[in-house]
Structure formats: structure tokens, C-alpha cells
Amino acid sequence: MVERPVDPKDYTFSGLKDETVGRLPGKVAGQQFIIQDCENCSIYIFDHSATITIDDCVNCQIFLGPIKGSVFFRDCKDCKCIVACQQFRTRDCRKLEVFLCCATQPIIESSTGMKFGCFQYYYPELALQFKDAGLSIFNNTWSDIHDFTPVSGENNWGLLPEDAVVQDYVPLPSSEELKAVRISTDATRSIIPITRGRRQKSSDESCLVVFFAGDYTTANARKLIDEMTGKGFQLVQTKEVSMKAEEAHRVFQQHAPEFIPLLEEGPVVALEFNGDGAVEGCQSTINDVFSGTKVFVSESKASASQDVENFYNFADMQMGM
């Protein structure tokens, strides 16, 4: 099969007004994409890409599927977005509201009135697009914003309300072509687990759970999240990261010897749950549901906060945060 040359026009939306446009799964296939000079538009990229730049857009609603590298918003205002990426940056923007999944610390520069929430979206092709973009669904620092140009006494960013409904911000596409994508914005179906991030914790009790690499790691982590959130506990943060033996000693302490052999299989997935009784809740759920699986879970409320701190200190260093 002859590769036809890439035509930049196929990967650009430019100068549009009052339009609904997009790309279906498979149509961008890891290329870079450019969005510029659009006004009052609804734009949907239902595929993975290399990088995306968004320049001079006003009053647009934008969905961007997994981006392997960076997404860069410049000179945009009054836009509502859903974005998954490795790196997120804005410059000279105002009033952007973003449901974000970002593997590294998001950066804003010379930008004001920025609001962030946790990425919440599902369509059948999305999980594979995350894999193709090299992104883990468990590495999402959506609320850990770095403001490059802070102004003393002012806050250039904040978090969206906890009960913010995704479709109120970025409605489902109205065009016939894009309606073919089977979307759900239901929190329980989201490809990315909904985390509290930097929001106030409801309790002083947290619990660390670590799953080790294997065929069912992702499914097991999701199942535990469903079970625990179903019982009223909150998922604070998640992380997928590789560990070495000496790091395991720091995190798992006296239990390290039983877990160290499992580290060679691949990265671990860690979850922090919060709520009164979280430790006991995790322990009983794991005993009931994952009896045959080796899982690290905090032993007591007293040791749990140290477990969480030890693990995330190590993970943040590893991720270069």
C-alpha cells in the first residue's frame, strides 16, 4: 500500500465561525494538529495525536483525545475544553474551563480566570487511543497547576465545582458525522478514574493500595475503585510507575520482601482512598474480591498516612514533578 503524503489541511481547523467540526477515531492517527482563529465553534478530535496547538480561539467548545506530547493554548478566551495529554500549557489566555487529564504538572503563563476539573469521558476507542499515545489512565495531575506568572494577591486559577456536569460545558456533538461516536460522560464509565486531586479531603484517614503488574492490573484497580466509591469513600489520587527494590523498601517497609519479586513484571498502580474507615474498607474489600491477588494495603490508620506520603514522594521524584 502506498503511503499518501500527509496534507496539513487534513490536520488543521482554521478561521471557522459558528461551526461544528471534528475528526472521527482513526482519522488523525498520531499526527500533529492545529486549531486557530476559530469563533463560536464546537471542535472534537476523537483520536490520538502527536501535539496540538490552539491559537486565537474565542468562545469555543473543544474535545481533544489523547495527545502524546504537548497541547499549547495561546491567546484563547472563553473556551470550554476536555483534554488528555502528556503536557499542558497555556499562554495569554483568559477564562478557559478545562476537564483535564495530564501526565505532568500543567503550566499556565500570563493567563487569568482558568478553571480545572478532572477529565471525564468515554467512547469505545478511547482506551486504545490512550495506549497509542503512551499515556497511563492512572497518571493524572489535573489539579496540580503551576502558575509561571503569579500575581501577588490574585489567583489566576481555581477548580471547577465538584458537581460540574461535563455536558454543560462541552455538549455532545450535534453533527450527523460525529454522532457516530458512542460517547458517555457518566462518571462511572469514564476511562480516567475521577480523582479529588487537590480538593479538600473529607477525613484525616487515607489508605494506600498498590496493585502489581499483571494481566488484570487495570481491571483490578478499576474494580476496587468502583467498590470503594460505591461505599462512599473518595479516590484522591492514582499513579502508575515503575519501582526498584530499594524504593520498595522505603514504601513497603517490613513487607518489601514479599513484593520485590513482583516489581520485575512491570509498573505498579497505586490508589489513595480517603474517608473515615478507609483502611478497614480497603482491607475487607480486597479480602472479599481479590483473595488470589497479591496487593499491598495499609495496615492501620496510623501507618496509612505515612504509606501515602512515602509512595507519592517517591512517585513524584520518579515522574520528575
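The values are calculated or read from the model by the stated rules, or taken from the named source; none is laboratory data. Not measured: the values here are computed from a predicted model. Every residue, glycine as well, gets a Cβ built from its backbone with ideal geometry; the counts of neighbours run over all protein chains shown. Areas reflect the complete protein model, heavy atoms only, side chains present, ligands, DNA and RNA absent. Shrake-Rupley method; radii C 1.70, N 1.55, O 1.52, S 1.80 Å.
Summary table
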quantity: Structure-based [θ]222 nm, the chain - -39500 (n - 2.57) summed over DSSP H runs of at least 4, per residue, nearest 500; calculated: -6000 deg cm²/dmol
quantity: Among the listed pairs Lys27/Lys239; Lys9/Lys68; Lys27/Lys179; Lys9/Lys115; Lys201/Lys244; Lys17/Lys80, those beyond 27 Å (Cα-Cα); calculated: Lys27/Lys239; Lys9/Lys115; Lys201/Lys244
quantity: Debye intensity ratio in log₁₀ form over the Cα atoms of the chain, taken at each q of 0.10, 0.11, 0.15, 0.16 Å⁻¹; calculated: -0.60, -0.71, -1.20, -1.31
quantity: Heavy-atom surface of the chain, accessible at 1.4 Å and reported per residue (Å²); calculated: 47 Å²
quantity: GluC sites (Glu not before Pro) lying in DSSP loop within the range 151-216, provided at most 10 other Cβ fall within 10 Å; calculated: Glu154, Glu176
quantity: Built amide H within the under 5 Å cut-off of Asn139, gap 5+; calculated: Glu240
quantity: Solvent-accessible area, 1.4 Å probe, carbon plus sulfur percent, for the chain; calculated: 46 percent
quantity: Net charge dipole size for the range 1-89 [Lys, Arg +1 and Asp, Glu -1 on Cβ; Debye, nearest 20]; calculated: 300 debye
quantity: Efficiency of FRET from Cβ geometry, Asp168 and Leu128, R₀ 25 Å, rounded to 0.05; calculated: 0.35
quantity: Two-site FRET efficiency, Thr149 against Asp288, from Cβ-Cβ distance with R₀ of 51 Å, rounded to 0.05; calculated: 0.50
quantity: Partner aspartates and glutamates for Lys131 [C-alpha distance under 14 Å; skip if fewer than 8 residues away on the same chain]; calculated: Asp47, Glu240
quantity: Shape of the range 8-189, Cα gyration tensor, a/c cut at 1.5; calculated: rounded
quantity: Net charge contributed by nearby residues that have their C-beta within less than 13 Å of Arg182 (K/R +1, D/E -1); calculated: 0
quantity: Inter-centroid distance (Cα atoms) of the range 23-99 relative to the range 173-204, Å; calculated: 17 Å
quantity: Of the DSSP H helices in the chain, those whose Cα atoms cover at least 18 Å axially and whose Kyte score averages -1.0 or more; calculated: 217-230, 301-318
